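Values quoted throughout were computed directly from the atomic coordinates according to the rules given, and no laboratory measurement underlies them. Keep in mind that what you see is a predicted model, and the values were worked out from it rather than measured. In this analysis, Cβ positions are derived from the backbone assuming ideal geometry, glycine residues included, and neighbour counts consider all displayed protein chains.
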Amino acid sequence: MRVKVKVCGVTRASDALVASDLGASAVGFVFWDKSPRSVAIAQAAEIVSMLPPDVAPIGVFVDASQAWVEEVSDRVGLAAVQLHGDETPEFCGSLRRRVIKAVTLREPEDVESATDLPETLTPLVDVHDTVKRGGTGRTADWALAARVAQRRRIFLAGGLTPANVVDAVRVVHPYGIDVSSGVEVSPGVKSQDLLHAFFEALLDTDETSREQERWAAKNQA
């Protein structure tokens, strides 16, 4: 199965369209005014209107109220929301859209906490940072992330670049990956060269997955 790719922190239509052309399954918009990648509602809505139907627009929020999350989601046309604050499972369950919940894995006990999240939530493994809340450029603990990915679908974030994404996918085997700073020239401004390099690197993991599927089918016959 090909790994899903979400390009996050998008602020320009040109970046969103390049990402979708290259095969991104989702693009992310940050609605948190403390982030250098924050985008205005009207700007995000305009970009979403240009996306093909198979690319999901996802909104990133940090400890926002339910009313604000729902209002932004409706006005922009979000398919899902990604929460990077201290939101409880109960809060996540109160939202009308699919929820991706950022989690931090710093010790083995965190693996159990992430695994035990309600099945309605998709964990996104990222680096712990109470100030930036994502987009740090630092890598997550892949070994711990792999343990969660063995038991449920996860997204992997944190310092992914064209140079390390192949290793990340092969170690963790995530359902999806989330890239932001690793394909930027500055916060919120993506590099077309880095986007191309990122997706080209993933072709290696796609081919590896196809070989594994062929091997498994042959040995089950």
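Counting beta carbons within 10 Å around each of Asp141, Asp21 and listing the fewest first gives the order Asp21, Asp141. Phi angles across the stretch 169-186 convert, under the Karplus curve 6.51 cos²θ - 1.76 cosθ + 1.60 with θ = phi - 60°, into 3J(HN,Hα) values of 5, 6, 7, 8, 6, x, 5, x, 10, 10, 10, 9, 5, x, 10, 10, 9, 6 Hz, Gly and Pro given as x. Is the shape of the stretch 4-220 best called rounded, prolate or oblate, per the rule: a/c under 1.5 gives rounded, else a/b larger than b/c gives prolate, else oblate, with a ≥ b ≥ c the square roots of the Cα gyration tensor eigenvalues? Oblate, since a/c reaches 1.5 and b/c is not below a/b. Distant-in-sequence amide contacts of Ser180, defined by a placed amide H-H separation under 5 Å and a gap of 5 or more residues or a different chain, comprise Cys8, Leu160.
For the stretch 1-59, the Cα gyration tensor yields ellipsoid semi-axes of 19, 13, 9 Å (square root of five times each eigenvalue, largest first, whole Å).
Note on Glu109, Glu70: ascending count of other Cβ atoms within 10 Å places them as Glu109, Glu70, the fewest first.
Of all aspartates and glutamates in the structure, the ones whose alpha carbon falls short of 13 Å from that of Lys6, not counting any fewer than 8 places away in one chain, are Asp15, Asp21, Asp54, Asp178. Taking the fewest neighbouring Cβ atoms within 10 Å as the starting point, the ordered list for Trp142, Trp68 is Trp68, Trp142.
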